[in-house]
Every structure is written in C-alpha cells, then in structure tokens.
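Engineer: Dropping the structure in here first, questions after.
Since every read-out is calculated from the coordinates, none of them should be taken as a lab result. Just so you know, these numbers come straight off a predicted model, no measurement behind them. For neighbour counting, all protein chains shown are included, and Cβ atoms are generated from backbone atoms with ideal geometry for every residue, glycine included.
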Amino acid sequence: MLGFAAVGAFARPAQALDPYTISSGGGAIEVAFQPGDFDIGVAAIHQWLSHAANAVSIYFGRFPVPRTRIDVRPVPGRGGVLNGVTYPGIPPRTRIMVGERVTAATLDDDWTMTHELSHLAFPNVPEQHHWMEEGMATYVEPIARAQAGYVTPESVWSDMVRYVPKGLPDTAEGGLDQSQSWGYTYWGGALFCLLADVQYRERTQNRRGLQQAFRGILASGGSIQVDWPVTRAFEAADKAVGVPVLMELYGKMKDRAMPVDLPALWQRLGISMSGGSVTLRKDAELAAVREAITARVK
C-alpha cells in the first residue's frame, strides 16, 4: 500500500524518522517508522502512541506484554488513521498506517491504536473464536480511553448505544462461534463483553467486573504471546472474579442466537438518547454499575 510513496502531486522527499521506545505500565513499546513526512510533525505521533499505551496500561493494570513493536507507515497524500493490524509473536507487533496529512484533532479522536494494543491482553484462540479477540478490543478501547481521561463517559455510552445493535444476532447466523459478518464479529463480541461486565457487577455487588476478569487472564499468563482454548481464558477470568459469568454466557451464546433486549438494558443502566445527545441518569437501577465501568481503578 506504500508503493505510491513518491508519485505525482503527492511526491515529497522521504524523511527518515528515528525509532524510539515508549515505556508504559512496565512494558517497552518499540516504535519504528517507514520513510515519510507528517504535516503535524512527529511529536504529535509520539503523543498519540503514548496515550494509547497509557490507556491500555491503566485498564489492564499494567502493559499486557513486556515488549512489543509498532511499525508506523506514513501514507502520502492521505489524512486519518487508515488501518491497523496486530500480529502475535515474541515480541508481538502492530502495523499502523497513518496519512501524512493527519491532523492533531484526528489523532486525539482516534480509537484504532488503543484497539490494536488491547489485543495484546488476550490469548490467541482458534479462528472460530475470532469474535472474542475482536469483541474484547472493541469493548475495552473506549472504556480504557475514558479511564485515562481522553474521552468522556458520555462519549463511551453514546457510541455503545449507536453501535452495539450492530452485534445483535440474526437467527440465521447461529451463535457467536458461527459468526461470519463484520457486525456480529466485532459488535457481537462487544455485546458479549458488555453483558458479561454487567452480570459480573450484578453478581458481585458491583465490586468486580470484566476489567478484573481480563486482569485475571493476564495474571494467569494469558496474552497474545500464548495459544489457549477460549474456555481456558474464560475460566481464568471467572476464577479471578469469583463467579462463572463468562463460561455461562458463552454456553448460551456460542451455538445459537440469544435474544437481547437492548432498550431494557439501556434503561436499567440509565442511558437515553435524544436528538443525537446522550443523557446518563443517576437514579437508574444500574447507574452505579454504569459509573463503575468507566471509573478508573488501581
């Protein structure tokens, strides 16, 4: 995709950007650049990557792996963050493609880098469970950024209300392990995580949630650097919290389309949308659960 680095009107001298290392949550993130020249300067790219690493370290209690590598590939003539892919290995690595004309405002609003680094915190699982790998990163990303102070809880829940419905199952698709569509894979997995988070908190009097469950997976040695059956990850998570939420929910959703009443869930959490604006009610049944999900914990 970088083969047009010096073509036509977009041609410019390629700048050799120096590699460097980010330290976050006990982990070392090696950053390397393909030749390019960002209009906003490299300092803004450094800040963007550091914020993503910081958000992930906050959510998981530490950076998920001791060392990883990010390869930044500037794309001439383009703006925005264009694509990200994270690969397993020791160390794992992430390739991220960024338009040379990207703006600071776009980077401040970007979710892609935090999503990709969240993948580091979950084991490699068989292909039929790809929905869990993508779903957990989709769910964790906005919450991690809220806990780091980069976005507001209102933003998190507004996006949840807009996009989680894309993960509602079509009865013809079967369960999550049979998922084929983009929506069912990414947002169906995120819906699974949301339901688990709420159920964990309901069953522990709001003392623990999915965040503590994911930290339990890491504490048990689970990360992108190991291959596990998905049930091993779920069992480690449930053990950390003390209730078998993930295993029970997986049993209900893996082979069949489980109906989910999202309007009722939003009402219980105290989330309402009107005219594109979200309102978070403090008097709702599960308002304390909603607040705990985006609150920073040590």
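Engineer: Treating the angle as unsigned and between 0 and 90°, give the value, to the nearest 10°, between the Cα long axis of helix 130-147 and the longest Cα principal axis of the chain.
Structural biologist: Helix 130-147 sits roughly 80 degrees off the main axis of the chain.
Engineer: How big is the Cα convex hull of the chain in projection, averaged over all directions, in nm²?
Structural biologist: 15.9 nm²
Engineer: In the neighborhood of Lys298, defined by Cβ-to-Cβ distances under 12 Å, what is the net charge if each Lys or Arg adds +1 and each Asp or Glu adds -1?
Structural biologist: +3
Engineer: Measuring from centroid to centroid over Cα atoms, what is the spacing of region 188-262 and region 18-54 in Å?
Structural biologist: When both Cα centres are located, 32 Å separates them.
Engineer: Reachable aspartates and glutamates from Lys166, Cα under 16 Å, same-chain residues fewer than 8 places away excluded?
Structural biologist: Lys166 reaches Glu134, Asp261.
Engineer: What is the angle, in °, between the Cα long axis of helix 153-163 and the longest principal axis of the Cα atoms in the chain? Nearest 10 is fine, range 0 to 90.
Structural biologist: So the helix axis and the longest Cα principal axis differ by about 80 degrees.
Engineer: How many angstrom lie between the Cα centre of region 269-298 and the Cα centre of region 95-133?
Structural biologist: Answer, in whole Å: 25.
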